[in-house]
1. Could you work out how far apart the two model spin labels at B:S112 and A:L290 are, taking each label as a point 7 Å from the Cα in the direction of the beta carbon, and quote it in nm?
2. Show me the helices of chain A, taken as full DSSP H stretches, that run 20 Å or more along their long axis by Cα and average 1.0 or above in Kyte-Doolittle hydropathy.
3. So, R0 is 35 Å and r is the distance between the beta-carbons of A:L22 and B:K104; what FRET efficiency does that work out to, to 0.05?
4. Using a simple spin-label model with points 7 Å from Cα along the Cα→Cβ vector, what separation in nm is obtained for A:E139 and A:K191?
5. Find the Rg to Rh ratio for chain A, where Rh is the Kirkwood radius over alpha-carbon pairs and Rg uses the same atoms.
6. Got a sec? How would A:R281, A:R155 order by Cβ neighbour count within 10 Å, fewest to most?
7. Tell me the Rg and the Dmax, in Å, that the Cα atoms of segment B:25-120 produce.
8. What spacing in nm lies between the two simple spin-label points modelled at A:R199 and A:V248, each 7 Å away from Cα in the Cβ direction?
Amino acid sequence: MFRLTSLACLAFLGVAACGATLPPPELVDARKAYDRASKGLAAQLAPAQLDTAKQALDKAEKSFEDQGDGVPTPDLAYIAERKAELAEATAGKAAAERDAEGADKKFKDAQLEGLDKTKAELNKERQNSEKTKAELEQEKKELGEEKVARAEAERKAAAAMASLQEIAKVKEEARGMVITLSGSVLFATGKYELLPIARDKLDEVAKALSDQGFKSIVVEGHTDSKGRASDNDMLSLKRADSVRSYLVSRGIPSDKITSQGLGSSRPVADNGTADGRANNRRVEIVVSPLK
Amino acid sequence: MLRKLALRMIWVGFVAASAAACGGAAVPQETLTAAQASVKGAEVGGANEDPKAQLHLKLANEQIDKAKKLIEDGKNEEAARVIDRAQADAELALALAQQTKAMKDAKDADESLGKLKRKLSQ
């Protein structure tokens, strides 16, 4: 009897020891793998695979409960571990695909942005080049116009000079262009009112001067040496004034033209002869050129 | 000596027969074929190009070989369990290969983006 009890005791102990069986390493690994997968991206990105893994783990756990660590528990746990890893890998793949998609979209956006930028730069460049072209054209046009204008001015000045030379003696001197009008053509003896013929001549002079352009004009009255110097001075000034006034009335700006009476102080010929004296009686219009 | 050998052969035959009888299970041909197809799928899917995937592919192949041997020995039930393991390894190998490929694609896309951005910011 005692022996029997002992045997029963032993058997009981054996079963108890059996119940306390440690899970097989495959099951330990499977639990860990599932735990990791369920806490990671798989819950969100691979829920179906994670669920399959859970079912596989449950099956292994049930087998462990019912059969202990023997067949088929390790096999089921082995499979459960791989299912959990598969769920993780599937989630990792989905995450990577999501990242790639995001990067692709950004790439396309950046490409478009770059394209826009390039387009804008090209447009700007084109506008700039068009502007430059227009400016060049304008410059060319202006230069052309200037050239034409200068040629025209030169032509006018030459023509004016030519017409002046027909009516008066014209000389280029250091002080400018000197137009000499004979006193006898302009005035009656001892007078300072312009003769009608003088007006015609001065009309020509005024026109020529206007055409030619000038900086300033000095009208100088000169006499011969006969008579009193003070009288000569006065007469020469009045005559110069008359010429000046007339020229102003013909459009020469009054602020650019002055008059001087120099009397007999600057003879150009011998006062001892009648011809010389005639030459000395004169009005000189001294024109300072523009340049 | 001869008698002993004959006896032994009979014994082996008996054991084999009883094992077949004991297994009682049919040859797991269908799951074996499926597992072999999964292995092929994993190979095509690039499992040989990723170390971890390659490891599971190797495990799957080894277990398929083991299962075939077990079937030859008439141990169909055990073979079925080994085939299930092989199937799980093959599927995992494919998933790992696909993950690696997707990660490489993502990295490439990111690098292209970086290059483009650098180019644009010049």
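1. With each label placed 7 Å out from Cα toward Cβ, I get 6.9 nm.
2. A:2-19
3. Computed FRET efficiency for A:L22 and B:K104 comes out at 0.30.
4. Rounded to a tenth, the inter-label distance reads 6.1 nm.
5. Radius of gyration relative to Kirkwood radius: 2.04.
6. Least to most surrounded, the residues fall as A:R155, A:R281.
7. Cα only, segment B:25-120: 18.5, 69 Å (Rg, Dmax).
8. With each label point 7 Å from Cα toward Cβ, the separation is 1.8 nm.
Read-outs throughout are calculated quantities, based only on the coordinates presented, and are distinct from any laboratory measurement. Note that the structure is a prediction, hence the values are computed from the model and not measured. All Cβ positions, even for glycine, are placed from backbone atoms using ideal geometry, and neighbour counts span all protein chains on display.
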